[in-house]
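See structure below.
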Amino acid sequence: MPPAEVADDERVVQALLGAQSALGARASIAGLDNWSDAATLITEARIPAVCYGPGDLHLAHGADERVPVSELVACAQGIAVAAMRFCGVVS
């Protein structure tokens, strides 16, 4: 898969950044040196997509993979607020 990039002014990015801010959480944009379904959406379908979730990437996809419940709850809240912002339900 070729490299994929999404502009920071895309609606999905701004919705997630706004959600993080509204929830009082730190928001940042960074690149990842790995593959995900987002890359297919971006390069093949031209749909802006991002990776967003809880946990430590160093613990992902291993025998001791784990996510603190508090991070899982915060992620779910972020996705809910971002979805409402993206759909124009809240600003």
Exercise. Being in a helix (DSSP H, G or I), among the β-branched types (V, I, T) and exposed (fewer than 12 other Cβ atoms within 10 Å of the Cβ) narrows it down to one of V81, V73, so name that one.
Key: V73
Practice problem: Would you be able to tell me the number of residues in region 1-12 that are surrounded by 16 or more Cβ atoms within 10 Å (Cβ to Cβ) and over 14 Å from G88 (Cα atoms)? | Solution: 2
Self-check item: Qualifying residue in region 52-64 (condition: aliphatic (A, V, I, L, M) and touching a helix residue (DSSP H, G or I) at 6+ places or on another chain (Cβ under 9 Å))
Solution: no
Quiz item: Which of the following residues is of a type outside the set (S, T, Y), surrounded by 11 or more Cβ atoms within 10 Å (Cβ to Cβ) and more than 15 Å from V81 (Cβ to Cβ): A49, A45, A19, A30?
Solution: A49
Quiz prompt | Neighbours by Cβ (under 7 Å, 6+ apart or cross-chain): first from region 61-86, more than 20 Å from A19 (Cα to Cα); second at pLDDT below 95 and surrounded by 11 or more Cβ atoms within 10 Å (Cβ to Cβ) | solution = E65/L59; R66/L59; V67/P54; V67/G55
Quiz item: Residues of region 1-34 being in contact with a Leu (Cβ under 9 Å, 6 or more places away or on another chain) and of a type in the set (A, V, I, L, M), which ones?
Solution: A4, A27, I29, L32
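Here is a yes/no grid of residues against (1) at pLDDT below 90; (2) on the phi < 0 side of the Ramachandran plot; (3) touching a helix residue (DSSP H, G or I) at 6+ places or on another chain (Cβ under 9 Å); (4) in a loop (DSSP other than H, G, I, E, B):
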position	(1), (2), (3), (4)
P2	yes, yes, yes, yes
V6	no, yes, yes, yes
V13	no, yes, no, no
A19	no, yes, yes, no
A27	yes, yes, yes, yes
A30	yes, yes, no, yes
W35	yes, yes, no, yes
E44	no, yes, no, no
Quiz prompt | In region 14-31, the residues that are within 16 Å of C75 (Cβ to Cβ), under 14 Å from the mean Cα position of the chain (by Cα) and not small (G, A, S) | solution = L16, L17, Q20, R26
Quiz prompt | Pairs with Cβ under 7 Å, 6+ apart, first in region 32-57 and of a type in the set (V, I, T), second at pLDDT 90 or above and part of a loop (DSSP other than H, G, I, E, B) | solution = I42/V6; I42/P48; I42/A49; V50/V6
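The values are calculated or read from the model by the stated rules, or taken from the named source; none is laboratory data. Here the structure is a predicted model, which is why all the values come from computation and not from measurement. Glycine gets a Cβ as well: all are built from the backbone with ideal geometry, and neighbour counts include every protein chain shown.
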